[in-house]
Structures are given as C-alpha cells and as structure tokens.
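See structure below.
The values are calculated or read from the model by the stated rules, or taken from the named source; none is laboratory data. Just so it is clear, the model here is predicted, and its values are computed rather than measured. Here the Cβ is made from the backbone with ideal geometry for all residues, glycine too, and neighbour counts use every protein chain on show.
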Amino acid sequence: MIFAIRYLGNMYNPLELSKKTEDIVINGNMKKYYRFRPTRFYGGIATADTVGCNLRCKFCWSGNSVWNVKNAGKIYSPQQVADKLHELARIKGYNQVRVSGGEPTIGRKHLIELLENISEDLLFILETNGILLGTDKTYVKELSKFQNLHVRVCLKGCTQEEFSWLTGADEGFEYQLKSLEYLRDENLRFNVALVSISKNKQELFNRLTEMDLGRIMIENEEIKLYPLVRKRLEKEGILHYFEV
C-alpha cells in the first residue's frame, strides 16, 4: 500500500516536539497529570493519565492532554503519583499500575523517580512509543534496574512511510525499532503493540527477524473510535481505514 502523506509542509520532528513539550509539562522532577483512574485493561490496572506527547497520531484518543498541554492537568511529584496509584491499586485489588494518556518517557527524571517509588510487588507497565528510548540507550539502561517493569512499545505503522502517514512526523520509526534492540540488549521485559492499516505486514516482520527480534510478542492495538477520534479521522479523509 502506498501512503499519501498529507500536509507535507507541516510535518514536525518528534525530538524537537519532545523538548518543547517537556518545557511545558515538566518542572524539576514534577510533571503534569490530568486524571487518576482504575481501568479494565490488562485485567485491571491503576492508571495515571499524564499530559504531553511527542507525536500527533491521527487516531489518538487523547484531547487536551496532547493538543493543549499548557491548559491541561496539574503538576504532581513522583511521590504523589505513586501514592495515588498505590491507593487505587489497593482499593481495587489490582497488582498492576501504569501511566497513559500521553508519553511517559518525556521527563526522564520524573519517570525514574516515579518507578523508584512504586512498590516492587506491583507490576509497572510502561506504555510508550519508544522514540526517546531509541535515541538514548542510557535511558533504557537506567530503566533496566527495575525488576517490576514491563515495557509496551506501540509501533505506529510497519514502515517509516506508514509511520509518517499515521502521525504526521517526519521521522521516528527507526527510533522505535532501535528502542526494541536496546530493550532486548538490557534484558527488559517488553512487547510490541502495532497500529497499522497495511494488509501486508511482512516487511515489518522481516525487519524484526533481521534484528533478531522475530520471536517478540506483537499485539494489534485496538483503535477506539471515540467521537473526537472519529471527527479527526473524518477530517483527514481516512476514517474508512479504521472502521470495521
């Protein structure tokens, strides 16, 4: 499938966007969050929804937390976030916690301190696009000290071309793949979630096999067509690709 990339002149660089976002959502070791909630994902998990992302995926379910970071959420310390996650997990009887809603790897110091404050008997699922991990192996090495960590890397497409078509970013797919190599090299537990409309995913599978990642678990990321998501996809003229 050939992906026609719209608005080519308005494409952005996710690394530059990471820096701009971090300037807004990070203050020292504190970070913006807009919600704490129990969810049914993974069989039940305590969730902290953070503010800010370095991608602008056309299918993204987040609203202000991604597109209006200046006016979204409140600032929390790592200890405050950990306390809220612990409380939710205790009330609901969960043994898992996570950060969702935005990109949790923005604000490295905050994330590391958050993990340091999470009880070792709770599994922390790090949901990430992997871009910042793929640009700096020392970040992955720092994460490797946490035995209760599982990393879920969501690949946006099977190729750089599809990545750009789905996200509007000029680069980033290779960083996503590189993050998988680093996670493997540092012996972290991880898997891949894949968003793709391509009927032929063999090119991606071949890449992963060449990288000695052919046995990695890959799950299809479910795209929920919430009203705002549907409206955005309809505006882009690509809603029909996501409708079942």
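If I filter segment 181-188 for residues that are surrounded by 23 or more Cβ atoms within 10 Å (Cβ to Cβ), modelled with pLDDT of 95 or more and not in a helix (DSSP H, G or I), do I get at least one hit?
No: zero hits.
Just to be sure I understand the filter: pairs with C-beta atoms under 8 Å, separated by 6 or more residues or on different chains, first member in segment 71-85 and within 16 Å of V25 (Cα to Cα), second member part of a strand (DSSP E or B) and of a type in the set (A, V, I, L, M). Which pairs pass?
The qualifying pairs are I75/M30; Y76/M30; S77/M30; P78/M30; V81/A48; V81/V99.
Counting just the residues of segment 9-55 that are at pLDDT below 95 and closer than 21 Å to I131 by Cα, which one comes out surrounded by the most Cβ atoms within 10 Å (Cβ to Cβ)?
M11
I'm told L88 meets every condition in (1) in contact with a strand residue (DSSP E or B) (Cβ under 9 Å, 6 or more places away or on another chain); (2) surrounded by fewer than 20 Cβ atoms within 10 Å (Cβ to Cβ); (3) hydrophobic (A, V, I, L, M, F, W, C); (4) closer than 20 Å to L183 by Cα except one. Can you identify the failing condition by its number?
Only one criterion is unmet by L88, namely (4).
Do we have any residue at all in segment 221-233 that's within 23 Å of C57 (Cα to Cα), among the charged types (D, E, K, R), free of Cβ contacts under 8 Å to residues at least 12 places away in the same chain and assigned to a helix (DSSP H, G or I)? Lay out the reasoning, then the answer.
Of the residues in segment 221-233, the ones within 23 Å of C57 (Cα to Cα) are 221-233.
Now narrow it down to the ones that are among the charged types (D, E, K, R): 221-222, 224, 230-232.
Filter once more, so that each one left must be free of Cβ contacts under 8 Å to residues at least 12 places away in the same chain: 222, 230-231.
Within this subset, residues satisfying the condition of being assigned to a helix (DSSP H, G or I) are 230-231.
Within segment 221-233, one or more residues are within 23 Å of C57 (Cα to Cα), among the charged types (D, E, K, R), free of Cβ contacts under 8 Å to residues at least 12 places away in the same chain and assigned to a helix (DSSP H, G or I).
From the list L155, L149, which residue is under 27 Å from L111 (Cβ atoms), buried (at least 16 other Cβ atoms within 10 Å of the Cβ) and touching a Lys or Arg at 6+ places or on another chain (Cβ under 8 Å)? First the steps, then the outcome.
Details: L155 fails: touching a Lys or Arg at 6+ places or on another chain (Cβ under 8 Å).
Sole residue among the options that is under 27 Å from L111 (Cβ atoms), buried (at least 16 other Cβ atoms within 10 Å of the Cβ) and touching a Lys or Arg at 6+ places or on another chain (Cβ under 8 Å): L149.
Does any residue of segment 124-135 turn out to be within 16 Å of L149 (Cβ to Cβ), touching a residue at least 12 places away in the same chain (Cβ under 8 Å), of a type in the set (S, T, Y) and touching a strand residue (DSSP E or B) at 6+ places or on another chain (Cβ under 8 Å)? Reasoning before the result, please.
To start, the set of residues in segment 124-135 that are within 16 Å of L149 (Cβ to Cβ) comprises 124-128, 130, 132-133.
Now narrow it down to the ones that are touching a residue at least 12 places away in the same chain (Cβ under 8 Å): 124-128, 130, 132-133.
Pick out the ones that are also of a type in the set (S, T, Y) and you get 128.
Still in the list and also touching a strand residue (DSSP E or B) at 6+ places or on another chain (Cβ under 8 Å): 128.
Yes, some residue in segment 124-135 is within 16 Å of L149 (Cβ to Cβ), touching a residue at least 12 places away in the same chain (Cβ under 8 Å), of a type in the set (S, T, Y) and touching a strand residue (DSSP E or B) at 6+ places or on another chain (Cβ under 8 Å).
List every residue pair whose Cβ atoms lie under 7 Å apart, where the two residues are 6 or more positions apart in sequence or sit on different chains, the first residue falls within segment 206-220 and is within 16 Å of T159 (Cα to Cα) and at pLDDT 95 or above, and the second residue, located anywhere, is small (G, A, S) and surrounded by 11 or more Cβ atoms within 10 Å (Cβ to Cβ).
As it stands, the answer is L208/G214, since those pairs meet every condition given.
Given the conditions (1) in a helix (DSSP H, G or I); (2) within 27 Å of K201 (Cα to Cα); (3) β-branched (V, I, T), report the number of the one that V151 does not fulfil.
With respect to (1) in a helix (DSSP H, G or I); (2) within 27 Å of K201 (Cα to Cα); (3) β-branched (V, I, T), V151 is out only on (1).
How about segment 203-244: which of its residues are under 19 Å from the mean Cα position of the chain (by Cα) and of a type in the set (K, R)?
Listed by number, the list holds a single entry, K224.
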